1. If contacts are Cα pairs under 8 angstrom and at least 6 residues apart, what is the relative contact order of the chain in percent?
2. Per residue Cα convex hull volume for the chain, in cubic angstrom?
3. Report for segment 141-273 the percent antiparallel among DSSP-assigned beta bridges with both residues inside it, nearest 5.
4. Taking H placed 1.01 Å from N in the peptide plane, check which residues at least 5 places from residue 251 or on another chain put their amide H under 5 Å from its amide H.
5. Once phi is turned into θ = phi - 60°, what whole-Hz ³J(HN,Hα) does the Karplus curve with 6.51, -1.76 and 1.60 give for every residue of segment 223-237, x standing for Gly and Pro?
6. How long are the semi-axes of the equivalent ellipsoid of segment 283-341, taking √(5λ) for every eigenvalue λ of the Cα gyration tensor, in whole Å from largest down?
7. Compute the distance in nm between two label points, each set 7 Å from the Cα along the Cα-to-Cβ direction, one at residue 234 and one at residue 220.
8. If you stretched the chain out fully between residue 110 and residue 179, how much longer would it get, using 0.36 nm times the residue separation minus the C-alpha to C-alpha distance?
Amino acid sequence: MVLKQWSPKLTVKRAVVDFSSPNIAKEMHVGHLRSTIIGDTLARMLEFSNVEVLRRNHVGDWGTQFGMLIEFLFEKFPNVEVVNDQAIGDLEAFYKASKQRFDSDPGFKERAQQAVVSLQGGEEKYRKAWAQICEISRRGYQRVYQRLGIKIEEKGESFYNPYIPGVLEELDKKGLIEESEGARVIFIGGKNIPLIVVKKDGGLNYASTDLAALWYRLNEEKAEWIIYLTDVGQREHFEMFFTAAKRAGWLPAGENMYPKTNHVGFGLVLGEDGKRFRTRSTEVVRLVDLLDEAKSRCKAVLVERGKADEWTEEELDQTAEAVGYGAVKYADLKNNRLTNYTFNFDQMLNDKGNTAVYLLYAHARICSIIRKSGKNIEELRKTGTIVLAHPDERALGLHLLQFAEIVEEACTNLLPNVLCEYLYNLSEFFTRFYSNCQVVGSTEETSRLLLCEATAVVMRKCFYLLGIVPVYKI
Ligand code: ARG
C-alpha cells in the first residue's frame with residue numbers, strides 16, 4: 001500500500017510551537033490544558049509534514065511575584081536548604097498565602113520588592129530559592145504531560161532575560177521606542193494604547209520578554225514559522241508585538257511571507273452552568289483530578305461490560321487511560337478552537353456520536369474483523385490489491401485518499417478540528433461500507449479486508465496526530 005508516501009507538503013523547514021506555558025506557582029488550569037492539547041496536535045501535524053518543530057514551554061518563571069514568594073519562603077523556612085515539595089505542600093495555597101501577606105503587611109511588601117531586586121541582581125541565596133520554587137512547579141506540570149504523552153521543552157521567560165537589553169537597544173536605534181508617561185513604549189498604528197516595553201519603575205515585562213524570545217527564535221533558532229497558543233484574551237498582546245517586529249524589519253510586511261508568526265487563540269472552557277469552568281470545592285479545576293475522573297469513569301464502564309473477567313488489571317488500566325484521556329483531548333480538538341466550549345464528561349464519554357470513545361471503539365471493531373477473518377494481513381498487504389467496485393467501497397476509498405490533503409489543510413490553517421471531522425466521516429463511510437458489503441467469506445474478501453486495513457491504518461494516523469492512543473480490542 002502507498003500510505004507511507006503520504007505526507008503533506010509545507011515549505012517551512014523549522015517551526016517553533018509555543019504552547020502549554022503555565023505560570024510557576026500557580027495551578028495549571030483548563031486554559032493551559034487547551035493550549036497543551038491543541039499545541040501538541042499542531043506540533044504533531046507539522047512534524048508529520050516534515051517540519052522540524054521546536055516544542056517550547058514558555059513558562060511564566062519570572063516577574064515581581066517572585067519577590068513575594070521568596071520572601072514568604074524565607075519567613076516560613078528560615079533554613080531554606082531543607083525546603084522540598086512536602087514542606088511547601090500545595091504551591092497554589094502557598095502563593096495565595098504569600099499574596100495575602102503582601103497585600104496586608106507593608107513591611108513585608110517592602111521586603112518582597114527588595115527581594116526582586118536581589119533576585120534580578122543575581123544574589124545566590126535568592127537565585128536558589130527561586131530555582132527551588134520553579135522546580136516544585138515543574139514536577140507538578142510534568143505529571144500532567146506524562147499522562148497526556150506530551151513532549152515539550154521548557155524555555156521559560158527567564159531564559160530570554162540576557163537578550164532583552166540588546167533587543168531593546170536595537171529597537172531603540174531603529175527609532176521604535178519612545179518615552180510615554182515615564183515608561184518606554186512602542187506606538188502601534190491603529191491602537192489606542194502603546195506596547196510598554198520598560199515599565200515606569202524600570203522593570204521589564206511580558207512584552208519585552210516576548211520581543212526578546214521572538215528575536216531569539218528568529219536569529220538563534222532560525223525558525224521560519226512561530227506559532228503561539230493562548231486563549232483569545234491575549235490576541236491584542238500578540239498583534240501588538242507582531243506589528244512591532246514588522247516595523248523593526250524582523251518579519252516581512254506581507255501576509256503569506258516567511259518568516260511568519262501566528263497567534264492561535266482559543267475560547268474559554270465553560271462549566272455546565274455556562275460560566276468559567278470551576279468545581280465546587282476549589283476555584284480552579286486541578287488537571288490531574290480531571291484526568292483521574294475521565295479514567296475512572298471509563299474503567300467503570302469497562303468493568304460493567306464484564307472486561308474485568310477477560311482482561312488483566314493492566315489491560316483495563318491502559319484501555320481506560322487511552323479512552324479517557326483520548327476523550328478529553330478529542331472533545332477539545334473537535335470544536336472550532338475559537339469558540340468557548342463546555343466541559344461535560346457525560347457528553348465526551350458517550351459511546352455514540354462524535355466522540356473519541358465512539359471512534360476508538362470503531363477502530364477496535366475493524367481490528368477484530370481482520371483478526372476474526374483468520375487471514376495474515378501483512379501477507380495480504382504484500383500480495384493483494386484493492387478493487388473499488390461497490391459505490392460504498394468507492395466512497396470509502398476516495399475518502400481515504402483525501403487524507404494527506406486534509407492534514408495539509410489542517411496544518412496550513414492551524415485547525416485540528418478539520419482533522420477530527422475527517423476522522424469522524426471516515427468511520428461513517430466505513431460503517432456504510434461494512435453494512436452493505438460482506439467482507440469475510442465473500443468473493444471480494446481480500447480486497448475488502450485490505451480496505452478494512454487501510455481504514456484502520458488511516459484512523460491510527462489520525463489518532464496519532466491528535467495525540468490519542470488507539471485501542472485494538474474492546
Ligand atoms: N504564561 C502565559 C499565560 O499563562 C502564556 C505564555 C504564552 N506564550 C508567550 N510567548 N507569550 O498566560
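Rule-based calculations on the coordinates, nothing more; no lab input. The shown structure was predicted, so the numbers you read here are calculated from the model rather than taken from an experiment. A quick note on method: Cβ atoms are made from the backbone with ideal geometry, for glycine too, and the neighbour counts reach across all protein chains shown.
1. Values: 666 pairs, mean separation 80.7, N = 474.
About 17 percent, as a whole number.
2. Taking only Cα atoms, the chain has a hull volume of 180 Å³ per residue.
3. Just about 50 percent of them are antiparallel.
4. Answer set, sorted by chain and number: 246.
5. 7, 9, 9, 10, 10, 10, 10, 8, 5, 4, x, 9, 3, 4, 4
6. On the way: eigenvalues 140, 34, 14 Å².
Equivalent ellipsoid of segment 283-341: 26, 13, 8 Å, largest first.
7. Using points 7 Å along Cα→Cβ, the separation is 1.9 nm.
8. In short, 22.1 nm is gained.
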